[in-house]
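The values are calculated or read from the model by the stated rules, or taken from the named source; none is laboratory data. Quick caveat, the model's predicted, so the values are computed rather than measured. Every residue, glycine among them, receives a Cβ derived from its backbone with ideal geometry; neighbour counts consider all protein chains shown.
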Amino acid sequence: MTGDNGPMTALRAPFTTLALRRAVFCVLGVVSAAAILSAPALGPALGVLFLWATGALSDQPAPAVAPVFLFLVPLTVALLVVLAAPIGRAMGAVHRALAGRLLDVHVDAPPPRPSRRLGAVVSDGPGWRAVGYGLLKVPLAIPQGYGAFCYVFGLANLSYPLWWPLFRNHPAGTRLGPVWALTPFGAIGTRTFAGTFLIAAAGLAMLLVAPWLMRAGTTLDVAAMRRLLGPRRLAERVRELQLTRARAIDDAAAMMRRLERDLHDGAQIRLATLALNLGMATEKLGADGPPPDLAQARELVALAHRGAKEALADLRDLVRGIHPPVLDNGLGDALATLATNSAIPVAVTVDLPDRPAPAIETVAYFCASELLANAAKHSRATRIALGVVRSGERLTVTVEDDGVGGADPAGPGLSGLARRIAVVDGRMRVRSPDGGPTRVDIELPTHV
Amino acid sequence: MRVVIAEDAAMMREGLVRLLTDRGFEVCAAVADADALRSAVAATVPDVAVIDIRMPPTHTDEGLRAAIDIRRDQPDVGVLVFSQYVETRYATRLLADRPTGVGYLLKDRVADVADFVDALTRVASGGTALDPEVVGHLMRAGRDTAGLASLTPREREVLSLMAEGRSNAGIAAALVITAGVVEKHVASIFAKLGLPSSDGDNRRVLAVLRHVGGG
C-alpha cells in the first residue's frame, strides 16, 4: 500500500511497527527530557538526601544547614560546566543509537575529542553542540510526550467495552462508582456499558491523531540531531573540498584545451606552413645541377626562415604561460621580471623569509600576472604597487593601482581567479569603488 | 584542374594557393569557413576541394561535415580533407558511402609537394588518398580480426599502399619494385584474406578497407 491512498493509510498508521517504535522513542524522549531538566537539581537533591539520612535535617533548624547549599549550588554549577560537554557527547551517542535502532535514522558520529586535557574537554565543540541538543530536547519532548500519551491511552480507552462485561457483571441494581478514562480533554467517567463506547470512540480518535503527533515530534528531533549531533564542520569541509576539487579538475581540463588550441592554431600551423614553404623551395632548387628557379627558391627559404622564427616566438610565449622558468629562482625574481614587462610602471616589494611551496608560488605568480594584465587593460592607472608579504602561515599578494576602479569581482576574470585561489584554500578580497583606486588582496597558505 | 581551398589559418591558406597555382592548378576560391566553402563549391563546381577539418565557429569538425555534404550533393566534386591529426572515426565517416573521389591527409603531407599534388590529382579524378597514418591505425585495429597476421611484411606494405589509394604503378614506384611483382603480391594478399579480386583501384580500396574495418 502506498502512502497516498488516504483513509486506509490513516486507519492503519497506528497499528504499524513504525508507530510502535516511534511511541517507544517518544516515551524515552520524555524520560531523557525529564533527566536533563533534573540534572541541575541533582547536586542539591543529593545534599538533602544526605542531610536527611544523617538526621541533620530533623535535628538542626534550617539556618544551620543553609550554608551547605551555599556550597553545593556553585559546586553543581562548576561540575556542570566541566562535565557538560562529555555528558553531552555520551547523551548524544545514546540518542544517535536510539534513532538508529527505533527510527532507522543514521546520524554519523562527530569527530572524536582531540585530547583528554581539561581545556580540550571544556572547549569541545561537538560536546557543546550535543548539550545544545539536550536543551532543545525539553521543548521537543512536548509533542513527543503528547503523541505517546494519545497512543498509549488511546489503545487503553479503545479496550474499555471489552473489560466492562468481564469486571462489571454484578447483579442488577448494584450501585457502583463510575469508571474513569483519561483523554486529552480531561477524565471521562461512566456508569453504563453504553458509556464505555463513548470512551472507546475517544480512544479511537486519540489513536488516529497519535501517529501524526509522534511523527511531528520525531521529525523535529531528527532534524535537531542532524544539526547538533552530526559531524557538521567536517561535513561542511568535505562539501567545500568536493566543490574545489571539481573546480580544480575543470580548470585543469580547460587549461589542457586552451593549450591544445594554442598549439594547434599557433606553432603547429606555423610549422606546417614552414614545411610547405621548404617543400616548395626544394622543388625550385631541383634535385641536382643548376637550380631551375633560384629567385623563387630564395624567396621561399626567406619565408620559411621567418616562419621558423615566428614559430619559436609562439612556443616561447606558450612555455612561459605554462610555467615561467624564472619562477624557479623564486617569486621575487619572477615578479620583478613580470613587472618589467608591464606597460604601467610597477613597484614590486617582496618580503618572504623563505620560499613557499612551488604550487603556491605558481598560483601567486599567475594571480599577479592576471591582475597586472587587468590593470593594464581596464584601470587607466599611472602606477601599480605589487606586494607580497608573509604573516605566519599565510602569504598575502596585494596589487593596488591608482586607476578608475569599478572592477567587478563577479566578472569572468576575477571570478576565475577566485576559483583558482579557492583550490589551494586561499581567499581574495577586491575593493574597487567607482572612481578608484583598486586594491586586490589575495591570501594564500604557504603550503598546500 | 580547378580547386577550392577552405582553411582558416591565413598563412597556410596563402601557402596552399601559392603551391597549387605554381603547380598549374586553377584556384577558384580560397575561403576560411565551412559556409563560405559550401557556397564557393556550389558556385564554381571545382574538380576538387581541399578542406581543413577544424574551422570556425566551433573549431571541431565543420570541415568534415561540409565535406560529407558536398560528397552527397555534388558527387562529381572530389574532397580532400586534411587536418593536423588524424582520427580513424573521421575517415570512417568520410568513406561511409563510397571510397571514390575522397582523401584524408595529415597537414604535414603538404611538405612533400610531389606526393601531395599526386594525392590531390588522384582525388580530383575520382580516386582515393588516405593518409598512411589512418591506414596504419586501421591495420593495427584489424590485425587480429582480419587475418593480417598471415601476410608477409612486404605484403603488408603493399596492402597499406593499396589502402592509401595508390595504383599498382604508384605502389611499384614507392617500393622500388616492378609492376609485375606488385601484381603478384596483390593476388597473394587477396587470396590470403579471402577477398574477391577486383580490377579497379577504387573497388580494391573499398574491399581492403571493409576488410580491415574502416569502411
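Of the residues that sit in the range A:272-301 and are free of Cβ contacts under 8 Å to residues at least 12 places away in the same chain and among the small types (Gly, Ala, Ser), which one is farthest from the other protein chains (Cβ to nearest Cβ)?
Selected residue: A:289.
For the range B:98-106, state whether one or more residues are within 14 Å of chain A (Cβ to nearest Cβ) and crowded, with 18+ Cβ neighbours inside 10 Å.
Yes: one or more hits.
Quick check, is residue A:404 outside any helix (DSSP H, G or I) and within 18 Å of residue A:361 (Cβ to Cβ)?
Spelling it out, it is not the case that residue A:404 is outside any helix (DSSP H, G or I) and within 18 Å of residue A:361 (Cβ to Cβ).
Can you tell me how many residues within the range B:34-64 are within 14 Å of chain A (Cβ to nearest Cβ) and either among the basic types (Lys, Arg) or over 21 Å from residue B:125 (Cβ atoms) (or both)?
The number of residues fulfilling the criteria is 11.
Output the number of residues of the range B:107-116 satisfying the condition of being surrounded by 19 or more Cβ atoms within 10 Å (Cβ to Cβ) and farther than 22 Å from residue B:64 by Cβ.
Residues meeting the conditions: 2.
Do the conditions hold for residue A:399, that is, is it within 35 Å of the chain's Cα centre (by Cα), over 22 Å from residue A:336 (Cα atoms) and part of a strand (DSSP E or B)?
For residue A:399, the condition - within 35 Å of the chain's Cα centre (by Cα), over 22 Å from residue A:336 (Cα atoms) and part of a strand (DSSP E or B) - is not met.
For the subset of the range B:5-19 comprising residues that are in contact (Cβ under 8 Å) with a residue 60 or more places away in the chain, assigned to a helix (DSSP H, G or I) and of a type in the set (A, V, I, L, M, F, W, C), which member is surrounded by the fewest Cβ atoms within 10 Å (Cβ to Cβ)?
Per the stated criteria, the residue is B:12.
So which residues in the range A:140-188 are over 17 Å from residue A:208 (Cβ atoms) and at pLDDT 85 or above, if there are any at all?
Passing the criteria: A:140, A:141, A:142, A:144, A:145.
What pairs can you find where one residue is in the range A:249-268 and within 20 Å of residue A:366 (Cα to Cα) and more than 10 Å from chain B (Cβ to nearest Cβ), the other is loosely packed, with under 13 Cβ neighbours inside 10 Å and β-branched (Val, Ile, Thr), and their Cβ atoms are less than 9 Å apart, with a gap of 6+ or different chains?
Listed by first residue and then by second, the contacts come to A:255/A:322; A:259/A:322.
Within the range B:65-80, is even one residue in contact (Cβ under 8 Å) with a residue 12 or more places away in the chain, in contact with a strand residue (DSSP E or B) (Cβ under 6 Å, 6 or more places away or on another chain), within 14 Å of chain A (Cβ to nearest Cβ) and in a helix (DSSP H, G or I)?
no
Within the range B:88-96, can one find any residue that is in contact with a strand residue (DSSP E or B) (Cβ under 7 Å, 6 or more places away or on another chain), closer than 30 Å to residue B:24 by Cα and part of a loop (DSSP other than H, G, I, E, B)?
no
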